[in-house]
Every structure is written in C-alpha cells, then in structure tokens.
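Accompanying notes for the structure given below.
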Amino acid sequence: MSDAGDYTVVAGSSISKGHLGVEGRDIKISEPANREITVVEKHRATFEFEVNEDDVEGRWLKNGVEIQFSDEKRFNYVSIRKMHRLTISETYRSDVGEFTFIAGKNKSTMNLLVK
C-alpha cells in the first residue's frame, strides 16, 4: 500500500500525471476460540491468528496504536506460513487492553486481562 500516490511521467516535452490507489488484499483471518486472554502478572501471554494464505504481512495494534517491536522488547511477533503469533514474554497490568491483528484489509481483535 506504500506505492499509492500521485505519479508524473515526463517524456521530452510531454507530461502525464496519474494517481495510483492500492487496496489491501482480502485476507481471511481465523476467528479465535476465545476473544479474551487472562494471565497472571509476570506470566506469558500469546495471541494467535491463522490466515488463508502463506507469507502474508501482518501488523499488530495495542489499543489502536501499532506495536513497535524494536521498542517493545517483551513483545515478539512471529509468522510461520499461515500462523501469526504475538507473544508478550512477561506481562504487566499496563498490558491490559485490546490487541488487534491486521492482514490485508481485514482485522481481528482480542482482549488481554492481567491479574
């Protein structure tokens, strides 16, 4: 989707302009058996979603904000073929919230509770 935008082509004295729109793929995301995960503080939490195609690029949000895995060392994202897994190695009460997985133009959400 990063290729979307306005483009201009110049050939000699001729100029042509156009706009390229890019839509996300219609990736199907499996529904989780349970939409809520409850863990004891300082224990591991794992979210898993399966998609209908191999090697799909996914994104994770926490409370509507994209997770920056380079900044969040306790958070680990792994995708193996169709499986996409987010693991929080050690949970804290501040981790409580809504976690959303986005693939293509679809998304699925789960909630994390920490006791």
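So which of Thr87, Thr100, Thr91, Thr46 ends up being under 30 Å from Val22 (Cβ atoms) and open to solvent by less than 60 Å² (accessible area, probe 1.4 Å)? Don't jump to the end; show me each part of the working.
Numbers: Thr87 fails: under 30 Å from Val22 (Cβ atoms); Thr91 fails: under 30 Å from Val22 (Cβ atoms); Thr46 fails: under 30 Å from Val22 (Cβ atoms).
Unique residue meeting the criteria: Thr100.
Restricting attention to the stretch 24-43, which residues are open to solvent by 70 Å² or more (accessible area, probe 1.4 Å) and in a loop (DSSP other than H, G, I, E, B)?
Arg25, Asp26, Lys28, Glu31, Ala33, Asn34, Arg35, Val40, Lys42, His43
State which residue pairs qualify: first residue over 16 Å from Arg85 (Cα atoms) and inside the stretch 39-50, second residue of a type in the set (Lys, Arg) and assigned to a loop (DSSP other than H, G, I, E, B) in any location, beta carbons under 6 Å apart, and separation of 6 or more residues or different chains.
Close Cβ pairs satisfying both conditions: Val40/Lys115.
Suppose we filter Val78, Val56 for residues that are surrounded by 12 or more Cβ atoms within 10 Å (Cβ to Cβ) and at pLDDT below 95; which single one remains? Explain how you work it out, then say what you get.
Numbers: Val78 fails: surrounded by 12 or more Cβ atoms within 10 Å (Cβ to Cβ).
Exactly one of Val78, Val56 is surrounded by 12 or more Cβ atoms within 10 Å (Cβ to Cβ) and at pLDDT below 95, namely Val56.
The values are calculated or read from the model by the stated rules, or taken from the named source; none is laboratory data. All values reported here derive from a predicted model rather than from experimental measurement. Don't worry about glycine lacking a Cβ; one is built from the backbone with ideal geometry, like all the others, and counts go over all protein chains shown. The accessibility values were calculated without ligands, DNA or RNA, using every heavy atom of the protein model including side chains. Shrake-Rupley method; radii C 1.70, N 1.55, O 1.52, S 1.80 Å.
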